[in-house]
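Quick notes on the structure that follows.
The values are calculated or read from the model by the stated rules, or taken from the named source; none is laboratory data. Note that the coordinates shown come from a computational prediction; the quantities given were computed from them, not determined experimentally. Neighbour counts are summed over all protein chains in view; Cβ atoms, including those assigned to glycine, are modelled from backbone coordinates with ideal geometry. Note: areas computed on protein heavy atoms with side chains; ligands, DNA, RNA excluded. Shrake-Rupley method; radii C 1.70, N 1.55, O 1.52, S 1.80 Å.
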Amino acid sequence: MSTMVIDGKAATAKSGATLEIHDPATGELVDTVPQAGVEETRQAIAAADAAFRAWADLLPSKRTHLLLKGAALAREHLDEVALLLTREQGKPLRDSKIEAERFVENIEFYATLAASGAIRGHQIPLSVPGAFGLVVRRPLGVVGAIIPWNFPLTLLANKIAPALAVGNTVVAKPASTTPLSTIRLVELMNEAGLPPGVLNVVVGPGVVVGQEMIRHPKVRKIGFTGETQTGKQVMAEAASELKHVTLELGGSDPAIVCDDADLEQAAKAIAIGRFFNAGQACLAVKRVYVFDSVADQVIEKVTARARKLKVAPGTDPSAQMGPMHTASGRETIESQLKDALDRGARLLAGGSRLKGGPFDRGFFFEPTVVTDVPPEARVWKEETFGPLLPIARVKDLDEALERANDSEFGLGSSVFTRSLQRAQRAIDRLDVGYTWVNQVNLVAYDELPFGGTKHSGFGKEHGVEVLDFYTEQKSVVMGGV
Ligand code: NAD
């Protein structure tokens, strides 16, 4: 059995309650973990609170040193962590290795930044004789990091790396179905020398553990990634303590393909962008708008790629796409597809569960492409969190932009064109937090801030900009008349 990590030590739940973690490809039991309640959550918060002052007061170079030691030890265990991630989440092992490595790189990025002097305030000349103005940055205190199941390690690192680098302490809460790889990384970071209480992990239901983290007055900030509906609850709960929140929520990213684009490149990027992680990515391509004059070619190319994808359990080295993570996620995709087909959509690829042999035991679903989907269909309005891609024809860029923006979400977007003018217009008009030109989300850039607009949330992760969300800026006046 895996255990939680509280105050640098292995921790179980006083109630003795446990959670079973099952492999979405086979249904097999992978491991059990303790299921925390309010009591264990409070213990973790108390440990993080007790550790805060000393961690915040450490020289930045010393914090950097300890974080880099943690990253180095995690790097030695990448294969072990990646296998845990594949077994609990379902993604192909190759993708799990990339994700585990991204965790390490993200820790390294912010650890290095902490010692580089990049985490800085500023001095401001004041219009009063003898007065000297400063803005200093201070850590917030205890940070609660609440993580979903689709990219548990990337999204954990996005929060703990900047939070710890600037001197906060952290209580992390992974999703109840994907705690194993997170626990292992937190154990390794502690083993490498983080002082007890600086980084804790508790596992349990969002409505118990997550809510206690949000309500507890000692937690000064919640970094949350998850569904839009949950994000709204988090924000409402956080209001009672006027808590800082960053909300990284759902998305329905559009990709626009213009008639002057490299169509092969666009089709390849779109297929990867949609079917990566079995379509369960916030930044997946979820809607395609292609100019009518090149629509047949693009549709044919994307469909051919979808049909060729090798779907298999994530531990199969040839797997390009694994199972979906849950039975309910697959049912939602099936009902969104049925809605589209009932309204007259045309099915071009996939559309069914995979059957026979190993497929009967897991939550597999074929890479699916539909076209001629009426604008009222759910696939255009809701987030489609699985391997289902609707492609619409549009007459020009204006229509594409109008339809792309006709969504409650505003996370990412792509535009494929060789025209600088069209690219600039799309960048200017797309009401989202991220636009790729002739690309989709393949790499999470540590250097570039990331976050959504509208119902995709607010606040930034990545970049130096994230530091604004894990520090408070205090103004100081020295002297003056
Ligand atoms: P979810 O909202 O169901 O759960 C996310 C986390 O919140 C889990 O740890 C869960 O236990 C916890 N939680 C649930 N209810 C809670 C409550 N009332 N209070 C506090 N915590 C609570 O999301 P999910 O299904 O795990 O993840 C998929 C969603 O996440 C998708 O909508 C996806 O687009 C989104 N997502 C967004 C980003 C981004 O950066 N914008 C990245 C990845 C995933």
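Has segment 360-372 got any residue that is touching a strand residue (DSSP E or B) at 6+ places or on another chain (Cβ under 7 Å), over 30 Å from Ile21 (Cα atoms) and either part of a loop (DSSP other than H, G, I, E, B) or of a type in the set (Asp, Glu) (or both)?
yes
Check whether at least one residue in segment 244-259 is more than 16 Å from the ligand (Cβ to nearest atom) and assigned to a loop (DSSP other than H, G, I, E, B), and report yes or no.
Yes, segment 244-259 has at least one match.
Anything in segment 149-175 that is among the hydroxyl-bearing types (Ser, Thr, Tyr), more than 10 Å from the ligand (Cβ to nearest atom) and within 15 Å of the chain's Cα centre (by Cα)? List them, or say none. Steps first, answer last, please.
So in segment 149-175, the residues among the hydroxyl-bearing types (Ser, Thr, Tyr) come out as 154, 169.
Restricting the remaining residues to those that are more than 10 Å from the ligand (Cβ to nearest atom) gives 169.
Matches in segment 149-175: none.
Out of all the residues in segment 262-287, which are within 17 Å of Leu389 (Cβ to Cβ) and outside any helix (DSSP H, G or I)?
Across segment 262-287, the qualifying residues are Gln280, Ala281, Cys282, Leu283, Ala284, Val285, Lys286, Arg287.
Quick check, is Ile146 touching a residue at least 60 places away in the same chain (Cβ under 8 Å) and either farther than 16 Å from Gly8 by Cα or under 21 Å from the mean Cα position of the chain (by Cα) (or both)? Quick ask: steps written out before the conclusion?
Numbers: touching a residue at least 60 places away in the same chain (Cβ under 8 Å): yes; either farther than 16 Å from Gly8 by Cα or under 21 Å from the mean Cα position of the chain (by Cα) (or both): yes.
Considered against the rule, which asks whether it is touching a residue at least 60 places away in the same chain (Cβ under 8 Å) and either farther than 16 Å from Gly8 by Cα or under 21 Å from the mean Cα position of the chain (by Cα) (or both), Ile146 comes out as yes.
For segment 305-334: of the residues being part of a helix (DSSP H, G or I) and free of Cβ contacts under 8 Å to residues at least 24 places away in the same chain, which is least open to solvent (accessible area, probe 1.4 Å)?
Filtering segment 305-334 for residues part of a helix (DSSP H, G or I) gives 305-308, 327-334.
Checking the rest, the ones that are also free of Cβ contacts under 8 Å to residues at least 24 places away in the same chain come to 308, 328, 331.
Details: Lys308: 160, Ser328: 72, Glu331: 101 Å².
Among those residues, the one meeting the criterion is Ser328.
When only residues in segment 108-122 that are touching a residue at least 24 places away in the same chain (Cβ under 8 Å) and not in a loop (DSSP other than H, G, I, E, B) count, which is surrounded by the most Cβ atoms within 10 Å (Cβ to Cβ)?
Within segment 108-122, the match that is surrounded by the most Cβ atoms within 10 Å (Cβ to Cβ) is Tyr110.
Considering only residues of segment 191-211 that are in a helix (DSSP H, G or I) and open to solvent by 20 Å² or more (accessible area, probe 1.4 Å), which is farthest from the ligand (Cβ to nearest atom)?
In this case the residue turns out to be Glu191.
Go through segment 77-106 and report how many residues are in contact (Cβ under 8 Å) with a residue 60 or more places away in the chain and under 15 Å from Glu187 (Cβ atoms).
Matching residues across segment 77-106 total 7.
Out of all the residues in segment 386-396, which are part of a loop (DSSP other than H, G, I, E, B) and buried (at least 20 other Cβ atoms within 10 Å of the Cβ)?
Gly386, Pro387
Taking segment 458-478 only, how many residues are in a strand (DSSP E or B) and within 19 Å of Ala161 (Cβ to Cβ)?
Number of matching residues: 3.
Take segment 213-234 and flag every residue that is of a type in the set (Phe, Trp, Tyr) and more than 10 Å from the ligand (Cβ to nearest atom).
Matches in segment 213-234: none.
Which residue out of Glu383, Glu399 is outside any loop (DSSP other than H, G, I, E, B) and surrounded by 15 or more Cβ atoms within 10 Å (Cβ to Cβ)?
Glu399
Any residue that is open to solvent by 10 Å² or more (accessible area, probe 1.4 Å), within 16 Å of the ligand (Cβ to nearest atom) and not in a helix (DSSP H, G or I) - is there at least one of those in segment 176-187?
Quick first cut of segment 176-187, residues open to solvent by 10 Å² or more (accessible area, probe 1.4 Å) only: 176-177, 184, 187.
The next check asks that each one be within 16 Å of the ligand (Cβ to nearest atom); those that pass are 176-177.
Those left that are additionally not in a helix (DSSP H, G or I): 176-177.
Looking through segment 176-187, at least one residue is open to solvent by 10 Å² or more (accessible area, probe 1.4 Å), within 16 Å of the ligand (Cβ to nearest atom) and not in a helix (DSSP H, G or I).
Out of curiosity, is Glu105 closer than 21 Å to Glu248 by Cα, in a helix (DSSP H, G or I) and open to solvent by 10 Å² or more (accessible area, probe 1.4 Å)?
yes
Output yes when any residue across segment 137-144 is under 17 Å from Leu67 (Cα atoms), outside any helix (DSSP H, G or I) and either open to solvent by 50 Å² or more (accessible area, probe 1.4 Å) or not aliphatic (A, V, I, L, M) (or both), and no when none is.
So far as segment 137-144 goes, yes, one or more of its residues are under 17 Å from Leu67 (Cα atoms), outside any helix (DSSP H, G or I) and either open to solvent by 50 Å² or more (accessible area, probe 1.4 Å) or not aliphatic (A, V, I, L, M) (or both).
Looking at (1) open to solvent by less than 40 Å² (accessible area, probe 1.4 Å); (2) of a type in the set (Ser, Thr, Tyr); (3) in a helix (DSSP H, G or I), which is the one condition that is false for Ser293?
Evaluating Ser293 over (1) open to solvent by less than 40 Å² (accessible area, probe 1.4 Å); (2) of a type in the set (Ser, Thr, Tyr); (3) in a helix (DSSP H, G or I) leaves (1) as the failure.
How many of the residues in segment 9-67 are open to solvent by less than 40 Å² (accessible area, probe 1.4 Å) and assigned to a strand (DSSP E or B)?
So the count comes out to 8.
Here are some conditions: (1) out of contact with any helix residue (DSSP H, G or I) (no Cβ under 8 Å at 6 or more places or on another chain); (2) of a type outside the set (A, V, I, L, M, F, W, C); (3) open to solvent by less than 20 Å² (accessible area, probe 1.4 Å). Gln265 meets all but one. Which one does it not meet?
All conditions pass for Gln265, except number (3).
Within segment 154-209, can you find the residues that are aliphatic (A, V, I, L, M) and under 22 Å from Glu447 (Cβ atoms)?
Leu155, Leu156, Ala157, Ile160, Ala161, Ala163, Leu164, Ala165, Val166 - these are the residues of segment 154-209 that are aliphatic (A, V, I, L, M) and under 22 Å from Glu447 (Cβ atoms).
Anything in segment 117-135 that is more than 26 Å from Ile45 (Cβ to Cβ) and either β-branched (Val, Ile, Thr) or within 12 Å of the ligand (Cβ to nearest atom) (or both)? List them, or say none.
Answer for segment 117-135, where residues must be more than 26 Å from Ile45 (Cβ to Cβ) and either β-branched (Val, Ile, Thr) or within 12 Å of the ligand (Cβ to nearest atom) (or both): Ile124, Val128, Val135.
What single numbered condition from (1) open to solvent by 20 Å² or more (accessible area, probe 1.4 Å); (2) in contact with an Asp or Glu (Cβ under 7 Å, 6 or more places away or on another chain) fails to hold for Arg425?
Of (1) open to solvent by 20 Å² or more (accessible area, probe 1.4 Å); (2) in contact with an Asp or Glu (Cβ under 7 Å, 6 or more places away or on another chain), only one is false for Arg425: (2).
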